[in-house]
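Undergrad: Dumping the structure here so I can ask a few things about it.
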Amino acid sequence: MAEHPRLPHAQDKLAFLLSLVAYLRDRGRVSVAEAAAHFDVDAAQIREAVRLLVVTGVPGTTKAYQPDDLFDIAWDDFEQDDIIVLTNLVAIEDAPRLSAREASALIAGLQYLAALPEASDRAAIASLTDKLSRGASGAISAVSIEASTDDGALAIIRSAVEDGRRLAFWYRNAKGEGHERRVEPLRVDSVDNDWYLRGWDVEREAVRTYRLDRMSEVRVLDEAADTGRPAAAAVHRLVDDRLFNDAEASVVVTLEVVPAALPLLGEFVSDDADIAAAGDRVRVETRVAHFHTLKRQVAALPGLVEVLSPPEAREAVRAWARDARAAYDA
């Protein structure tokens, strides 16, 4: 029969006691046999730890141990039925607890993770969500995260990446133009609320980036990705940590930006971009695929960004703002 590990050192015993308290507090009522199986020790060690626990505590204001200053258990349950039930906790309840708002924020994040296709351990997420709900200092707000409509396409794309298969889909670009695409998927990235596919466009023979919410009719083709292509190594080197690369964003635009808003331009400004002071603003060059993308940048940062050049970029943004104002006034 396998020997259970012993706990010879005081430091090990202390760590074991702390773990046991957390375990008992979370379970509420547990048998000695269950606790022994959970910690992979024998039942005698659990009983010894419980008896040590009930003479452990924190002295009160009198600097002497009073009954309420020690851990306690339901002795009849322990001695007659081998059941452990904590009836008094010391200092544990005084530990800082999450506010209702903090717990709600964490639960919202967990629900978002659970909604992702790659979230395989949903049971662990549900367990942690339940603990946060019970452990908050107040009643938490009802939280619900709606699953993304892109989840189906995302799952298909991920399977194509893993299996090394080509994809075909209908893609509507920022101009509203739709085209059939055949792509060898390389990776999937998430930026803010948007998902992007990076892949080798078979027809264009170049790496391109596609937004998932502009893709439809996504399907995996019965064609293996051409990993033997001479340029394959170069292709994968292009897929670096930046979402967009210079090959796809060929229009250079000069902007004046409020310094605090510069990080909000995100992937559109490369790490090695030249940034020059211009009074209380900074001047920077950014690359965009076309002026429709530029409109989105300016719209997202109203009053914080001014387009300086080229003239056709300024005119495109001006015309877009004029049309938007006319539509609003109408």
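Undergrad: Mind checking which residues of segment 309-330 are more than 14 Å from Val251 (Cβ to Cβ) and in contact (Cβ under 8 Å) with a residue 24 or more places away in the chain?
TA: The initial filter retains those residues of segment 309-330 that are more than 14 Å from Val251 (Cβ to Cβ), namely 318-330.
Trp320, the sole residue that qualifies.
Undergrad: Of all residues in segment 29-58, how many are open to solvent by less than 80 Å² (accessible area, probe 1.4 Å), part of a loop (DSSP other than H, G, I, E, B) and among the β-branched types (Val, Ile, Thr)?
TA: The number of residues fulfilling the criteria is 4.
Undergrad: Any idea how many residues of segment 250-260 are buried (at least 16 other Cβ atoms within 10 Å of the Cβ) and either of a type in the set (A, V, I, L, M, F, W, C) or at pLDDT below 75 (or both)?
TA: 3
Undergrad: I'd like the residue in segment 297-318 that is aliphatic (A, V, I, L, M) and in a strand (DSSP E or B) and, out of all such residues, is surrounded by the fewest Cβ atoms within 10 Å (Cβ to Cβ). It would help to see each step written out before you state the result.
TA: Pass one, segment 297-318, residues aliphatic (A, V, I, L, M): 298-301, 304-305, 307-308, 313, 316-317.
Still in the list and also in a strand (DSSP E or B): 305, 307-308.
Values: Val305: 23, Val307: 22, Leu308: 14.
Among residues in segment 297-318 that are aliphatic (A, V, I, L, M) and in a strand (DSSP E or B), the one surrounded by the fewest Cβ atoms within 10 Å (Cβ to Cβ) is Leu308.
Table: residues versus (1) at pLDDT below 80; (2) in contact with a helix residue (DSSP H, G or I) (Cβ under 8 Å, 6 or more places away or on another chain); (3) not basic (Lys, Arg).
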site: Ala234; (1), (2), (3): yes, no, yes
site: Arg237; (1), (2), (3): yes, no, no
site: Asp274; (1), (2), (3): yes, no, yes
site: Thr286; (1), (2), (3): yes, yes, yes
site: Lys295; (1), (2), (3): yes, yes, no
site: Ala300; (1), (2), (3): yes, yes, yes
site: Ala313; (1), (2), (3): no, yes, yes
site: Arg322; (1), (2), (3): no, no, no
site: Tyr328; (1), (2), (3): yes, no, yes
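Undergrad: Taking segment 5-17 as the search range and keeping residues that are part of a helix (DSSP H, G or I) and loosely packed, with under 12 Cβ neighbours inside 10 Å, which one is modelled with the lowest pLDDT? Talk me through it step by step, then tell me what you get.
TA: Within segment 5-17, the first condition is being part of a helix (DSSP H, G or I), and the residues that meet it are 10-17.
From what is left, the residues that are loosely packed, with under 12 Cβ neighbours inside 10 Å are 10-11.
Values: Ala10: 54, Gln11: 59.
Among residues in segment 5-17 that are part of a helix (DSSP H, G or I) and loosely packed, with under 12 Cβ neighbours inside 10 Å, the one modelled with the lowest pLDDT is Ala10.
Undergrad: Right, something else. What is the number of the single condition among (1) open to solvent by less than 40 Å² (accessible area, probe 1.4 Å); (2) modelled with pLDDT under 70; (3) of a type in the set (A, V, I, L, M) that Ala247 does not meet?
TA: If we test Ala247 against (1) open to solvent by less than 40 Å² (accessible area, probe 1.4 Å); (2) modelled with pLDDT under 70; (3) of a type in the set (A, V, I, L, M), just (1) comes out false.
Undergrad: Still on this structure, please answer the following. Does any residue in segment 68-90 that is closer than 16 Å to Ala44 by Cα and touching a residue at least 60 places away in the same chain (Cβ under 8 Å) come within less than 9 Å, Cβ to Cβ, of a residue that is among the β-branched types (Val, Ile, Thr) and open to solvent by less than 50 Å² (accessible area, probe 1.4 Å) six or more places away or on a different chain, and which pairs are these?
TA: Note: pairs meeting the criteria are Ile84/Val30; Ile84/Val32; Ile84/Ile46; Ile84/Val50; Ile84/Ile73.
Per-residue answers, yes or no, for (1) within 20 Å of Arg25 (Cβ to Cβ); (2) modelled with pLDDT of 80 or more; (3) surrounded by 16 or more Cβ atoms within 10 Å (Cβ to Cβ):
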{"residue": "Asp81", "(1), (2), (3)": "yes, yes, no"}
{"residue": "Leu86", "(1), (2), (3)": "yes, yes, yes"}
{"residue": "Leu89", "(1), (2), (3)": "yes, no, no"}
{"residue": "Arg97", "(1), (2), (3)": "yes, no, no"}
{"residue": "Leu106", "(1), (2), (3)": "yes, yes, yes"}
{"residue": "Arg122", "(1), (2), (3)": "no, no, no"}
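Residue-wise test of (1) out of contact with any helix residue (DSSP H, G or I) (no Cβ under 9 Å at 6 or more places or on another chain); (2) modelled with pLDDT of 65 or more; (3) over 22 Å from Glu217 (Cβ atoms).
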{"residue": "Ala115", "(1), (2), (3)": "no, no, yes"}
{"residue": "Ser137", "(1), (2), (3)": "no, no, yes"}
{"residue": "Asp151", "(1), (2), (3)": "no, no, no"}
{"residue": "Ile157", "(1), (2), (3)": "no, yes, no"}
{"residue": "Arg172", "(1), (2), (3)": "no, yes, no"}
{"residue": "Glu180", "(1), (2), (3)": "yes, yes, no"}
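Undergrad: Does any residue in segment 155-182 that is free of Cβ contacts under 8 Å to residues at least 24 places away in the same chain come within less than 9 Å, Cβ to Cβ, of a residue that is open to solvent by 40 Å² or more (accessible area, probe 1.4 Å) and in a strand (DSSP E or B) six or more places away or on a different chain, and which pairs are these?
TA: Gly178/Trp170; Gly178/Arg172; Gly178/Ser216; His179/Trp170; His179/Arg172; Glu180/Trp170; Glu180/Glu217
The values are calculated or read from the model by the stated rules, or taken from the named source; none is laboratory data. These figures come from a predicted structure and were not determined experimentally. All Cβ positions, even for glycine, are placed from backbone atoms using ideal geometry, and neighbour counts span all protein chains on display. Accessible surface areas use protein heavy atoms only, side chains included; no ligands, DNA or RNA. Shrake-Rupley method; radii C 1.70, N 1.55, O 1.52, S 1.80 Å.
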